[in-house]
Structures are given as structure tokens and as C-alpha cells.
Amino acid sequence: MSQFLQIHPENPQARLINQAVEILRKGGVGVIPTDCSYALACRIGDKKATEVIQRLRQLGPKHNFTLLCRDFSELATFAKVDNSQYRLLKAHTPGAFTFILPATREVPRLLMHPKKRTIGIRVPDNAIAMALLDAMNEPLMTSSLIMPGDDMPLSDPYDIRQTLENQLDLIIDGGYCGFEATTVIDMTEEVPELVRQGVGDASDILG
């Protein structure tokens, strides 16, 4: 049975944030709100928790997980960014973008694409997500809450609870936060490539 926490979307209660962080730090898997949709989340590098997310979403080994980071400097700790990429990423964080970049040695192997050694990185524009990241003092590993066979993420906290409460450790009700995915941009080559069109407008990135 998961812990169901109702957290204010604009002024997150510190007591509840700390309660959620304690669950995640102990290896729990949770559902958290972001600026685009709800996402599955766990502590970075937690193999058992990562496997739970892979099983829930029926993900293969080549799936790119996303690290949710507090700010651009934390992002640069886990991904290799050159000067031209720096300007583009800086202009679009925080926001509804996931950037696929070459991973640094700080990224656990189980989170990387096995052949390309890449990682998805994003900085969310959501008060609850940012409060969690601040309290964790490290990124969270996340994956969109899209169930097998569905095209869109689950968006209603009570539907999420009804569907997954026996399979998760934590569900945060942060109100309605949308059901659109992030726009995914592959930045591993000289020319950025659109991988998935989501809510973020990437026209100025793609030129």
C-alpha cells in the first residue's frame, strides 16, 4: 500500500516533502508531479527501484531514463555539454524539454543507453518537483507515467492511486498538472534532432 500525500502545488508543505523524500531515499518508487505530467520517480542509481519502474512500464534495456535536476549546474554534472549546447540548454531550462546528451561518469551504468552511453536530462518548472529535488540534494531518476498500451500519461491522482497503490511506495497528489509529454531533443550530434514532439516549442532549437 502506497503513501498518498496531498501537497500544495504552489506552496509545498515542508513536512510532507520531507516525508516523501524519506520514502524515496529508502529505495521507494513514487509518482510525482512535473510541469508536463505525472512521472514515476526513484533515487538515482537504485537498481531495485529502477527495475520496478521498468516492470511497471514494460520498458526495454534501451530505454533512455531521464534525470530530473534542480538547475543547470547540476545538469552539467551528469551530462557533457559543449559551449553551443550550453546556450541552447540554458535558454530552455527550466521547462518542458528533455535533452538527450552524452553521460558523464557520474551517471550509474544502469541508467544509460547501453550502447550510446547517453542520458535524458531535464529541469522541471514545478514547485513540488523542485522542493523534492532541493530536499533530496541530488537528481531523481524519472520516467513518464504512461502505462503499457496507453498513449498518454495518467493525469488524475485518484486514478493513479486506484491503479497503482499496491505497486508503489508513494503517490503525491499535486493537483492537475497536465497529460502532455516533454519535447525530447537529441543533442548528441552536431545538429539537434527532434525525437518526440511534446508540449515544448523546439522551433528555435531545431533552427
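The values are calculated or read from the model by the stated rules, or taken from the named source; none is laboratory data. This structure is a prediction, so every number in the text was calculated from the model and none was measured. Here the Cβ positions follow ideal geometry from the backbone for every residue, glycine too, while neighbour counts run over all protein chains shown. Please note that ligands, DNA and RNA were not included when accessible areas were found on the heavy atoms of the full protein model with its side chains. Shrake-Rupley method; radii C 1.70, N 1.55, O 1.52, S 1.80 Å.
Before moving on, here are some points about what is shown:
- Test: residue in region 58-78 that is under 27 Å from Val199 (Cβ atoms), hydrophobic (A, V, I, L, M, F, W, C) and touching an Asp or Glu at 6+ places or on another chain (Cβ under 7 Å): yes
- Among the residues of region 181-202, those identified as part of a loop (DSSP other than H, G, I, E, B) and open to solvent by 90 Å² or more (accessible area, probe 1.4 Å) are Glu189, Glu190, Val191, Gln197, Asp201.
- Ile146 vs. criteria farther than 27 Å from Gln19 by Cα and buried (at least 16 other Cβ atoms within 10 Å of the Cβ): no
- The one condition in (1) open to solvent by 70 Å² or more (accessible area, probe 1.4 Å); (2) farther than 21 Å from Asn126 by Cβ; (3) modelled with pLDDT of 90 or more; (4) not in a helix (DSSP H, G or I) that Gly27 fails to fulfil: (1)
- Residue in region 37-48 that is of a type in the set (Asp, Glu) and open to solvent by less than 40 Å² (accessible area, probe 1.4 Å) present: yes
- Within region 81-94, the set of residues being modelled with pLDDT under 90, surrounded by fewer than 22 Cβ atoms within 10 Å (Cβ to Cβ) and either in contact with a His (Cβ under 7 Å, 6 or more places away or on another chain) or not β-branched (Val, Ile, Thr) (or both) comprises Asp82, Asn83, Ser84, Gln85, Tyr86, Arg87, Leu88, Lys90, Ala91, His92.
- Scanning region 80-90 for residues that are in a loop (DSSP other than H, G, I, E, B) and under 14 Å from Val123 (Cβ atoms) yields a single hit, Val81.
- Exactly one residue among Thr98, Thr93, Thr77, Thr50 is part of a strand (DSSP E or B) and polar (S, T, N, Q), and that residue is Thr98.
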